[in-house]
1. For Ala238, state whether it is free of Cβ contacts under 8 Å to residues at least 24 places away in the same chain, among the aliphatic types (A, V, I, L, M) and within 20 Å of Arg145 (Cβ to Cβ).
2. What's the total number of residues in the stretch 1-45 that are touching a residue at least 60 places away in the same chain (Cβ under 8 Å) and part of a strand (DSSP E or B)?
3. Quick one: which residue in His71, His31 is touching an Asp or Glu at 6+ places or on another chain (Cβ under 7 Å) and under 19 Å from Phe170 (Cβ atoms)?
4. Of the conditions (1) of a type in the set (S, T, N, Q); (2) at pLDDT 90 or above; (3) touching a strand residue (DSSP E or B) at 6+ places or on another chain (Cβ under 7 Å), Asn244 clears all except one; give me its number.
5. State all residues of the stretch 171-194 that are modelled with pLDDT under 80 and in a loop (DSSP other than H, G, I, E, B); if no residue qualifies, say none.
6. Being β-branched (Val, Ile, Thr), over 20 Å from Asp61 (Cβ atoms) and either touching a Cys at 6+ places or on another chain (Cβ under 9 Å) or free of Cβ contacts under 8 Å to residues at least 24 places away in the same chain (or both) is the filter here, so list the residues in the stretch 111-150 that pass it.
7. Give me a count of the residues in the stretch 217-275 that are in a loop (DSSP other than H, G, I, E, B) and of a type in the set (Phe, Trp, Tyr).
8. Which residues, taken from the stretch 36-54, are crowded, with 22+ Cβ neighbours inside 10 Å and among the charged types (D, E, K, R)?
Amino acid sequence: MKLVFEKILPSDNLSWRYWLYEQENIGFHWHYHPEYEIALILNSKGQRYVGDNIDNYNEFDMAFIGPNMPHTWCSSLEVNGQKQHTYVAQIPKAWLEGLIYGMPDLASLKNLLTLSRRGIKFSKQAVVQAAKIFAKMEQEDATSRFIGLMDILHIMDRDQDKQVLSSDGFKLTTTSDPSTEKIDKAVRYIHEHYTDAICANDIATLLHMSTNHFHRFFKHHTEQTFTEFVNQLRISKACSLLINTTKPIYTISDTCGFNNISNFNRRFLQFKAMKPSEFRKIYTGKNAVLV
């Protein structure tokens, strides 16, 4: 399968991306991106591909993968009838290296970054410890998630049984493909027009694609449908306004591109599992001061 560039965007109110996938099996998706990645997989069995390394993995697996290292997992169907869980942390290169190389407190993690250029796998004990932190992050605020991320990096660094994966001589011959410019253009357009009545046909025309082709292209490169991506961006912007301003909720709904307050409330509940008013009550004063 062709190597694909994947576009990564940070999660709400984070400098990095935290994500949990729940699925019946993991499909082969050979890809790369400029971010560091921690991937922790539970209740799954199959093959892990990192650079030129192919290895079997069992129900507890975690890897730390450096920038632009091709990778994927590929699993069989459900184990014991349960969904397979994949926790992912994707961390911008400049941000993470700025922290670790800029703070003597984190100097011990420098070698971890170096090893990650070949990919690293970890012991079951380290995976179990990290899994507890990843699971807890689901209900945590941005500050607690940052602390959790540092804890996971510390666990990985202290794991005496970690092993590098890809050979020292493996190099990605190219870090670009024709689709990279197109997906960047699409994402940039969405960010510039998310407050409008944006539609997939507009971007398909911009990229000289049919609308159906664009939908497949976008899902392949972002792992989200076009509609999911737009709604998530709008909800992310709404969360920031709910926390950092005293604007009425109906004004925030309109500002973020929702056509009516009912649709806004429905989408907010879908992504945040709570109403906008409940979100504001919980997070106001915790992450920011109202202006």
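The values are calculated or read from the model by the stated rules, or taken from the named source; none is laboratory data. Just so we're clear, the structure is a prediction, and the values are computed from it rather than from any experiment. In this analysis, Cβ positions are derived from the backbone assuming ideal geometry, glycine residues included, and neighbour counts consider all displayed protein chains.
1. When the stated conditions are applied, Ala238 does not pass them.
2. So the count comes out to 14.
3. One residue alone meets the criteria, His31.
4. (2)
5. Passing the criteria: Lys171, Leu172, Thr173, Thr174, Thr175, Ser176, Asp177.
6. Within the stretch 111-150, Thr114, Ile147 meet the criteria.
7. 1
8. Selection gives Glu37, Arg48.
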